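Before any comments, here is the structure.
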Amino acid sequence: MASPARLTHLLMNDARGFLGEVRLPIRPLTLLFGANSAGKSTALRLFAALGEAVQSIDAAEVPFLGGPPQ
């Protein structure tokens with residue numbers, strides 16, 4: 001049985017609080033910590049936006065969301 005697809009990193013480009021392209025690795029346990037205004041809340045908001053985008057997609061059309069294999 002194949003293991004389910006998993007998010008491995010988040011790539012941000014000029015997101016609020018981040019200059020240029022930033023790659024945020026995602027592991028089974030990921031901790032975000034840093035000084036005030038370091039971008040922790042921005043990263044969390046991007047996850048929320050990603051979740052909303054995925055929920056708005058028809059899962060039947062995307063293989064790793066339950067659709068037919070391509």
(message) Relative contact order for the range 1-40: what percent, with Cα pairs under 8 Å and sequence separation of 6 or more?
(response) 32 percent
(request) Using amide H atoms built 1.01 Å from N in the peptide plane, name the residues 5+ places from Ile26, or on other chains, whose amide H lies under 5 Å from its own. (result) His9, Leu10
(message) Need one number: nm distance between label points at Arg6 and Asn36, each 7 Å from Cα along Cα→Cβ, rounded to one decimal.
(response) 3.6 nm
(message) I want the local charge near Asn13. Using Cβ-Cβ distances under 12 Å, sum +1 for each Lys or Arg and -1 for each Asp or Glu among the other residues.
(response) 0
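No value in this document is a laboratory result; all are computed from the given coordinates. These numbers come from a predicted model, not from an experiment. Cβ coordinates were reconstructed from backbone atoms using ideal geometry, including for glycine residues, and neighbour counts include every protein chain displayed.
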